[in-house]
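The values are calculated or read from the model by the stated rules, or taken from the named source; none is laboratory data. Everything quoted here is computed from the prediction, not taken from an experiment. Cβ coordinates were reconstructed from backbone atoms using ideal geometry, including for glycine residues, and neighbour counts include every protein chain displayed.
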Amino acid sequence: MKCRRCKELAQIALPSHHTAFCRDCFERYFIRQIETGIRRQKMFTHEDRILCALSGGKDSLALMWVLSHLGYDVTGLHVDLGIEGSSPMARGQVEAFCQDHDLKLVVVETAPKGLGIPEVYKALKRPICPVCGKIKRYYFNKTALEGGYTALTTGHNLDDEVARLFANTLRWDQSYLSDQGPALPAEAGFAAKVKPLYRVTEFETAAFCFLKKIPHVKAPCPYSKGASFTSHKALWATLEEKSPGSKIAFYDGFLERGRPAFAALEPGHGTKLSPCRTCGYPTSVEWCGVCRLKRQVAGLPPEAAEAEE
Amino acid sequence: MITVRIEPDNEVKTLEKINTTQQLLTRLNLLSTQALIIRGEELLTPDRRIGQGDELVVRKVVSLG
Ligand code: SF4
Ligand SMILES: [Zn+2]
Ligand SMILES: [Zn+2]
């Protein structure tokens, strides 16, 4: 196979785009896909202060690399979940990456706040990933809010987005289908939430990290057996192999035609948010989900009970 | 005969009668966009010839959590 642009020997075949690229032309393609996403979805500009969530995996590190390469004002954020073995490895990878590339980094540790994932798991005895996701989102939003960042980026790629959209379509989850997407505007004190990798696949981010020699975590989290969407991803891989281009067509079609149709059915954003009484985080009830979770993990009664006394 | 190390499990296999990257993917039950096939510093597209003495890394790309 030859590179479509320069006719050198290709290293990456991209059947979805009916093309193949050599190392240099692939890098150029990959960065352009991300620029296109940022521009089309009006994600942010060079005036914004961007906080980039870094897990230590290939997607978030590739994203951070590209954003800094494009000259954006970007700071990394790593949430250390306190998982033995896997968290020190992830954190080490993120710290080394930011040091090597001279990038700003904020690290938040959940264990000293009573929210190390092993403790939470022990206390709740139910699937941990949704709870872990909630804790991470909380610290992403809180750090963005307190640090005055105007945009929060995560490394979700096209495969993640398609799998999530597919799951929500199977349930016809009207509220999800009416307002989700790769760019959610700043709202109720939250920074804008954006996913600049939504046009590239996980195969492409893995190839990018390999070719740019970006070391990243490969071992899965020990709790990842509960990770959502793995079977949907396998289904979509088969579909994509049979009919290349299906993923991006499904996702772009949703953004162009599906979402507006569902949005028309939804009676606006009803819930009013006000600051959590303990931590100030925007919430629709008196105490935010993470403050309530903290007490549950610590074996304390809910705040409300105490306040009534 | 070729030797492959499969990531992230770090399982090592030696395989016979494999002449192309596509044949390797098929043998491992993988689609072409589910893994990087790495030889030294380069990535191999499915049409590339592989064989005798090659040492490859098969890096599965699906992200979990
Ligand atoms: S796999 Fe689950 S527990 Fe592990 S980091 Fe991801 S969401 Fe958290
Ligand atoms: Zn080229
Ligand atoms: Zn709170």
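Out of A:95, A:47, A:27, report the one residue that is outside the structural domain of residue A:181 (by TED's automatic domain parsing) and of a type outside the set (Ser, Thr, Tyr). Outline the logic, then answer.
Numbers: A:95 fails: outside the structural domain of residue A:181 (by TED's automatic domain parsing); A:47 fails: outside the structural domain of residue A:181 (by TED's automatic domain parsing).
Only one candidate qualifies: A:27.
Residue-wise test of (1) of a type in the set (Phe, Trp, Tyr); (2) touching a residue at least 40 places away in the same chain (Cβ under 8 Å); (3) surrounded by 18 or more Cβ atoms within 10 Å (Cβ to Cβ); (4) at the interface with chain A (Cβ under 10 Å from one of its Cβ atoms).
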position: B:2; (1), (2), (3), (4): no, yes, yes, no
position: B:5; (1), (2), (3), (4): no, yes, no, no
position: B:8; (1), (2), (3), (4): no, yes, no, yes
position: B:27; (1), (2), (3), (4): no, no, no, no
position: B:31; (1), (2), (3), (4): no, no, no, yes
position: B:34; (1), (2), (3), (4): no, no, yes, yes
position: B:40; (1), (2), (3), (4): no, no, no, no
position: B:44; (1), (2), (3), (4): no, no, yes, yes
(message) I'd like the residue in segment B:46-63 that is of a type in the set (A, V, I, L, M, F, W, C) and under 19 Å from residue A:208 (Cβ atoms) and, out of all such residues, is nearest to the other protein chains (Cβ to nearest Cβ).
(response) B:61
(request) Output the number of the condition that residue A:29 fails; it satisfies all remaining conditions of (1) touching a residue at least 24 places away in the same chain (Cβ under 8 Å); (2) crowded, with 16+ Cβ neighbours inside 10 Å. (result) (1)
(message) Checking residue A:206 against (1) part of a helix (DSSP H, G or I); (2) more than 15 Å from residue A:66 (Cα to Cα), only one condition comes out false. Which one?
(response) (2)
(message) Can you tell me which of (1) over 25 Å from residue B:59 (Cβ atoms); (2) crowded, with 17+ Cβ neighbours inside 10 Å is the one residue A:156 doesn't meet?
(response) (1)
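I'd like the residue in segment A:266-279 that is surrounded by 15 or more Cβ atoms within 10 Å (Cβ to Cβ) and at pLDDT 90 or above and, out of all such residues, is farthest from ligand 2 (Cβ to nearest atom). Step through it out loud before you land on a result.
Just the residues of segment A:266-279 that are surrounded by 15 or more Cβ atoms within 10 Å (Cβ to Cβ), to begin with: A:273, A:276-278.
Filter again for at pLDDT 90 or above, leaving A:276-278.
Working: A:276: 52, A:277: 58, A:278: 55 Å.
By that ranking, first place goes to A:277.
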(message) Just to be sure I understand, how many residues within segment A:16-35 are more than 16 Å from ligand 2 (Cβ to nearest atom), farther than 29 Å from residue A:79 by Cβ and at pLDDT 95 or above?
(response) 0
(message) Of the conditions (1) within 13 Å of residue A:207 (Cβ to Cβ); (2) in a strand (DSSP E or B); (3) of a type outside the set (Val, Ile, Thr), residue A:33 satisfies every one except a single condition; which number is it?
(response) (2)
(message) Quick check on residue A:205: is it at pLDDT below 95, in the same structural domain as residue A:81 (by TED's automatic domain parsing) and of a type in the set (Val, Ile, Thr)?
(response) no
(request) Consider residue A:21 carefully, then state whether it is surrounded by 16 or more Cβ atoms within 10 Å (Cβ to Cβ), closer than 20 Å to residue A:202 by Cβ, within 21 Å of the chain's Cα centre (by Cα) and not assigned by TED's automatic domain parsing to the domain that holds residue A:220. (result) no
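Suppose we filter A:237, A:219 for residues that are farther than 24 Å from residue A:86 by Cβ and at the interface with chain B (Cβ under 7 Å from one of its Cβ atoms); which single one remains? Don't jump to the end; show me each part of the working.
Numbers: A:219 fails: farther than 24 Å from residue A:86 by Cβ.
From the options A:237, A:219, the qualifying one is A:237.
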(message) Looking at A:42, A:7, A:2, can you tell me which residue is at pLDDT 95 or above, within 14 Å of ligand 2 (Cβ to nearest atom) and away from chain B (no Cβ under 12 Å)?
(response) A:7
